[in-house]
1. Are any residues in region A:159-186 away from ligand 2 (no atom under 16 Å from the Cβ) and acidic (D, E), and if so, which ones?
2. Can you work out which of the residues in region A:144-175 that are surrounded by fewer than 21 Cβ atoms within 10 Å (Cβ to Cβ) and under 18 Å from the mean Cα position of the chain (by Cα) is farthest from ligand 1 (Cβ to nearest atom)?
3. Kindly list the number of the only condition in (1) within 14 Å of chain A (Cβ to nearest Cβ); (2) modelled with pLDDT under 85 that fails for B:G217.
4. Between residues in region A:158-179 that are on the phi > 0 side of the Ramachandran plot and outside the structural domain of A:G142 (by TED's automatic domain parsing) and residues that are away from ligand 2 (no atom under 16 Å from the Cβ) and in a loop (DSSP other than H, G, I, E, B), which pairs lie under 7 Å by C-beta distance while being six or more apart or on different chains?
5. Does B:T128 fit the bill of being within 29 Å of C:F281 (Cα to Cα) and within 12 Å of chain C (Cβ to nearest Cβ)?
6. In this structure, is A:V21 under 23 Å from A:V212 (Cβ atoms), of a type in the set (V, I, T) and surrounded by fewer than 18 Cβ atoms within 10 Å (Cβ to Cβ)?
7. Take the residues in region B:164-178 that are of a type outside the set (D, E, K, R) and under 20 Å from C:I9 (Cβ atoms), then tell me which one is farthest from the other protein chains (Cβ to nearest Cβ).
8. Could you please let me know if A:Q107 is within 11 Å of chain B (Cβ to nearest Cβ), more than 16 Å from ligand 1 (Cβ to nearest atom) and farther than 22 Å from C:S2 by Cβ?
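The values are calculated or read from the model by the stated rules, or taken from the named source; none is laboratory data. Since the model is a prediction, treat every value here as computed from it, not as a measurement. We place every Cβ from the backbone using ideal geometry, glycine too, and count neighbours over all the protein chains shown.
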Amino acid sequence: MAQSNQAMLEIRQVSKLFSGVAAVKEVSLSINKGEIFALLGGSGCGKTTLLRMLAGFENPSAGAIFIDGEDISQIPPHKRPVNMMFQSYALFPHMTVAQNVAFGLKQEKRYINKEIDDKVSELLGLVRMQDFAQRKPDQLSGGQRQRVALARSLAKQPKVLLLDEPMGALDKKLRSQMQLEVVDIIEAVGVTCVMVTHDQEEAMTMADRISVMHEGEIMQVGTPSEIYEFPNSRHTAEFIGSVNIFDATLTELNPDYSRLSSTDLTAPIQVEAGINAPLGAQVGVAIRPEKIAMSRTQPNVTDNWLTGVVEDIAYLGGHSVYYVKLASGKRVMAMGTNNDRHEQKVTWQDPVYLHWSNTSAVVLYQ
Amino acid sequence: MGNKVSSFGKVFLTLGFIFLYLPILILIVFSFNESKLVTVWAGFSTKWYGELLQDSQMLGAAWMSFKIAFLAASAAVVLGTMASIIMVRMGQFKGKVAFTSMITAPLVMPEVITGLSLLLLFVAMAQTLGWPAGRGMLTIWIAHVTFCTAFVAVVVSSRLREMDASLEEAARDLGAPPWKVFFLITLPIIAPALMSGWLLAFTLSLDDLVIASFVSGPGSTTLPMVVYSSVRLGLSPKINALATIIVLLASTGVLMAWWLARRAETQSVKLPTHH
Amino acid sequence: MSWGQRSVISVPYLWLTLFFLVPFVIVFKISFSEMAYAIPPYTELLSWADQQLTVNLNIGNYFYLFTDDLYVRAYLSSIRIAAIATVICLIVAYPIAYTIARARPATRNALLMLVILPSWTSFLIRIYAWVGILKNNGLINNLLMWLGIIDQPIAMLNTEFAVYIGIVYAYLPFMVLPLYTNLMKLDKSLLEAAADLGAAPWKVFMTITLPLSKAGMIAGSMLVFIPAVGEFVIPDMLGGAETLMIGKVLWQEFFNNRDWPVASAVAIVMLLLLLLPITLFHRYQARELES
Ligand SMILES: Nc1ncnc2c1ncn2[C@@H]1O[C@H](COP(=O)(O)OP(=O)(O)OP(=O)(O)O)[C@@H](O)[C@H]1O
Ligand SMILES: [Mg+2]
């Protein structure tokens, strides 16, 4: 991954109001050169609005945007060193594939026709579309259209490439194939890239860093594993993957470990390291289902275990998710791999024990 | 929905088409009538076409109407397209409500009101500004442009609304300034709508009797005005012959446009596509 | 707003203001002047004599409209005729639009084109065609007499009946088009859902299709009703001397009596009567144009 720590794109305190309602609230981000950066969030959280401000289609109500150290907030879209791949691809229907890719180059006076032709065939080669140069967009399949759109937005060698829901128009199977392909192309070109998606799997697969957005605000920024393993809020923990969250009270505070109690559990929860909160503080404790082990007999530990009855099992092929109902009525998810076909399986209404290590739980302050 | 509905629909549709086309068919048949009586058949003849082609007043009026219709339709397409862009693409601005009212009202305004009001405007302008000096082709053209613009705006704006706005954004994103986006992207994509808008405006202008009667002056008689004064004197097979020619021209024109549109459509779906 | 946008807005805006809005102001002004034997044939509202500015507001024209019962009758009968014709038009157009909207896509376009095609030929000539069909020695009477059904021709031309035929004939496509557009937008799964819930076909139609096509019915009705109220050619050619319609009265006032001020007053009152339907139409159309 070709990235230096030099910021290519800087978003400073950017807000956007639509008739008084904030769609984006005081967002600040710094995106490094050569990085693939994903804006991830649910519907209506302001991702597209933020991206459109980067492209210049919306003006920020407050704040500024810098590219390569230059403030571009007041520059109109057609003069920004930024290109966008639209969710609908927005391929010009009356132009061939080659004309679509050449469009941006033709807007600059500095190229002669021969140069443009060479560049177009080079780009079409890059996205493996050279055989389709003379086709019209409506004669292409979804994946082919996407590759043309990508080539078109790379043609002007933008300093920042923007992707709006890049896989949104593709079906599921094609999606995972194209995710890797698009990343390969972007990395081959080495362009800095900001993408918008509501699909966490897509963000995790494609991006070097992810920022989770919620109601116009940035909740957390980090690498995919940081976001997954160390969520800093209930919202992020719940949005990325599935999670069990217990409401807990801090009961014991030591430098190298802490204990919490939850009304849902009989045993205390133990987490490694100290917690940045006073005794008696109300916090959330998040535990991912795959970090929970299941057994028929009581584990030989004092902390970090619970017991309940299997209420539901979701068989997902490679693994199964068990929904265990506790005495308090709370349901806890645990994951089990299906590695033996003839295994004596845990089934509905079986009493089971769940336990986890003291490195598995994450404390959520908000 | 069951067969009862569809067979009822078919019967009704057939009756509807008979109602729409029978009068035109009868006109055409009697244009070949030998007799001057338009309703009694007296043998086949094409003499009324001959007479029509020698009627210099009629031909002159037809040429006048044609010129006005051509110029009015062309101007209306320009104004109507601008109006559509204002309504569909420019969001809210002060005076937008007034603007859309001025676009929709001419669609339904009774012709006698439009005609009278424009005439009074031209008279008042001539009095105070000295322009337009006389009434004639120019005043008819202005009147026709005004009401045709509304019709063009309806046709074009419906196409513009269907058009994906991100195509225009993509072009701007790739470095085209707004005027270039319009000419390179928007215009080619909405071109078929401009064509239908032009044809609609052309026919409306060609067809107008009432407004032209108000705003025309001596020496600028349009075809509908000649036809009207002629039918007021009684039925004439010459008018039937004229009707036949108009029907022939109009239907070949429309059918051709339709066929071209169909061909363009079928060509573009030659290959299977994923949507 | 940029300079470019401003100039794009200003061209059609100025054109329509000058040639559509201002004329109404002038009509309004002249409706308060008096007829004169001059060029132009009306008196000025403002006169300047002996260092005195006189405003001659003559409301006599409006007074006249309401004393001579010709005008009141003409307004009322125009509205009645236009309303009845609109209803007939709606009844004829609805099944046509419905059937076309339910046809296969390929047939649909062809059928729609067949409905519109007649309007591309001359309006005047299409009305003229009915003269030959409806008159006393016209085609219908000749046919009926030849068949021996009647022995005296039925008077059809120069009656209100002929005007209804003319309006329905000329305006039918204007009713079919908005209805068709509206019915096409109707989500077919709604009908299937209603049928699935046990509604009989006619009940589906009455409870789902008809209420949801209200917007199309209003738009079509206004497109027929408003111009029909002021129609001149149809009552003139098919209605005869007996049929009173305000468009014809205005025409005669202007061209035969050369009384521009009264013609203006007639137009202003007509406009006031049509203000409500025009607003209704505008609301529908504005939604269509902008959304
Ligand atoms: N042009 C606009 N005018 C008014 N409100 C807008 C406009 N564009 C977006 N919004 C509002 O701003 C908020 C954020 O919208 P945005 O399109 O950025 O969401 P998003 O994160 O892209 O969602 P999705 O995943 O559904 O595309 C929404 O509440 C939306 O309704
Ligand atoms: Mg979005």
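1. Listed by number, the residues that qualify are A:D171, A:E181, A:D184.
2. It comes out as A:K172.
3. So the condition that B:G217 fails would be (1).
4. If the second residue must be away from ligand 2 (no atom under 16 Å from the Cβ) and in a loop (DSSP other than H, G, I, E, B), no pairs are left.
5. Taking the combined requirement at face value, the residue does not satisfy it.
6. yes
7. Here the answer is B:A165.
8. So A:Q107 fails the test.
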